Amino acid sequence: MRIEEDVKLGFKDVLIRPKRSTLKSRSDVVLQRDFKFKYPGINWFGVPLIAANMDTVGTFHMAEVLARFNIITAVHKYYNIVQWREFIERSPKSVLDYVMVSTGTSDADFNKLQQFMALSSNLKFICIDVANGYSEYFVTFVQKARATFPDKVICAGNVVTGEMVEQLILSGADIVKVGLGPGSVCTTRIKTGVGYPQVSALIECADAAHGLSGQIVSDGGCVVPGDVAKAFGSGADFVMLGGMLAGHDECEGTIVEENGKQFMLFYGMSSESAMKRYIGGVPDYRAVEGKSIKLAVRGPVECSIRDILGGLRSACTYVGASRLKELTKRTTFIRVSEQENGIFS
Ligand code: 5GP
């Protein structure tokens with residue numbers, strides 16, 4: 001056994017220090033970014049936010065709305081080929097440019113992925129998603145996906161340490177998903193004792209990825225727009241959001257009524273609710289690593305998106321970043337106590 005003594009930090013432990021700025025208005029800030037991805041050499045332009053591939057967030061309806069903001073949706077893996085075909089037939093390239101096709105790592109998942117990707121050459125993003133990206137089996141799957149889809153952008157995770165980011169990029173990932181345990185409906189840290197505070201994970205993983213011309217996406221733990229700014233400030237190229245986009249009209253979640261108020265069910269993809277729904281129950285050998293919550297119904301996602309983008313533009317003006325791309329370089333974090341971080345839970 002060994003203990004690492006340096007303190008690792010999460011979103012709640014830091015604030016961004018303001019800096020002198022020449023920007024006159026928040027409207028001067030450019031949030032769009034241009035990326036050229038390592039393996040396919042594809043150029044992409046957009047706002048680097050991604051709706052999480054959870055079944056009540058990464059929906060086709062969400063993708064249609066977020067594409068208008070040039071934001072990506074990682075579409076969940078539970079749609080079938082008929083639903084995908086219908087979606088692709090009605091979606092112009094301007095929507096499909098912002099769609100990630102999600103997959104697990106079983107043979108059946110791989111077969112489905114091949115069928116979905118064959119539906120349109122406009123689909124360019126693949127998201128290979130497992131809770132624990134440290135297994136050799138996962139690395140082999142990423143290699144197989146890279147060999148099969150040389151012209152697609154592959155996002156793979158989740159991991160939280162630099163050496164595994166390097167391994168995944170060298171195995172064929174363009175973007176590595178970073179986050180272990182910070183999710184709003186995740187209970188991994190409670191069930192397993194495993195995890196890594198997100199700000200430190202991002203700082204360390206960004207350094208590893210950028211050294212190999214790869215990118216990272218911060219996955220999980222953002223509960224307010226300020227957290228999204230902190231994720232970009234820590235070095236994330238993309239930020240994936242689950243809970244912040246849940247509970248909206250586009251989510252296709254189950255609505256329940258309590259005392260005359262409407263709520264939408266939102267659950268982790270490793271929760272009992274998800275396992276009952278998709279695999280008929282919790283297997284004997286597994287612990288549940290997600291929980292279910294009820295969210296007050298929040299209306300169209302567009303309002304929440306504008307709030308997040310407004311917060312990001314404002315964060316950039318506070319540190320004099322005229323483009324989101326400059327936010328990391330211009331970020332100095334100060335460590336704060338929980339009472340000072342402005343978030344009251
Ligand atoms: P959020 O934005 O809600 O804080 O986090 C979203 C992320 O939480 C997802 O993209 C996914 O990586 C993670 N997640 C979703 N469901 C579960 C779950 O049931 N268990 C765990 N450990 N993580 C989950």
Options GLN215, GLN167: the member that is polar (S, T, N, Q) and either without any contact (Cβ under 8 Å) to a residue 12 or more places away in the chain or open to solvent by 40 Å² or more (accessible area, probe 1.4 Å) (or both)
GLN167
I'd like the full set of residues that are open to solvent by less than 20 Å² (accessible area, probe 1.4 Å) and free of Cβ contacts under 8 Å to residues at least 60 places away in the same chain, limited to the stretch 119-148.
SER120, LEU123, PHE125, ILE126, ILE128, GLY133, PHE138, VAL139, PHE141, VAL142, ALA145
Criterion: among the hydroxyl-bearing types (Ser, Thr, Tyr), open to solvent by less than 70 Å² (accessible area, probe 1.4 Å) and within 13 Å of the ligand (Cβ to nearest atom) - qualifying residue of THR161, THR192:
THR192
The residue from ILE203, ILE154 that alone is away from the ligand (no atom under 15 Å from the Cβ), within 17 Å of the chain's Cα centre (by Cα) and closer than 23 Å to ASP97 by Cβ is ILE154
When you look at LYS276, is it touching a helix residue (DSSP H, G or I) at 6+ places or on another chain (Cβ under 6 Å), on the phi < 0 side of the Ramachandran plot and either away from the ligand (no atom under 13 Å from the Cβ) or assigned to a helix (DSSP H, G or I) (or both), yes or no?
no
The condition of being within 16 Å of the ligand (Cβ to nearest atom), under 18 Å from ASN158 (Cα atoms) and in contact with a Gly (Cβ under 9 Å, 6 or more places away or on another chain) holds, among SER218, SER234, only for SER218
Criterion first (farther than 26 Å from ARG26 by Cβ and more than 16 Å from the ligand (Cβ to nearest atom)) does VAL336 satisfy it?
no
Per the filter on the stretch 80-106, residues in contact with a helix residue (DSSP H, G or I) (Cβ under 7 Å, 6 or more places away or on another chain) and closer than 22 Å to SER273 by Cα are THR103, THR105
From GLY311, GLY247, GLY253, GLY299, which residue is surrounded by fewer than 20 Cβ atoms within 10 Å (Cβ to Cβ) and in a loop (DSSP other than H, G, I, E, B)?
GLY299
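The values are calculated or read from the model by the stated rules, or taken from the named source; none is laboratory data. Note that the structure is predicted; figures quoted are calculated from it, not measured. So basically every Cβ, Gly included, is an ideal-geometry build from the backbone, and we count neighbours across all protein chains shown. Calculation scope for accessible area: heavy atoms of the full protein, side chains included, ligands and nucleic acids excluded. Shrake-Rupley method; radii C 1.70, N 1.55, O 1.52, S 1.80 Å.
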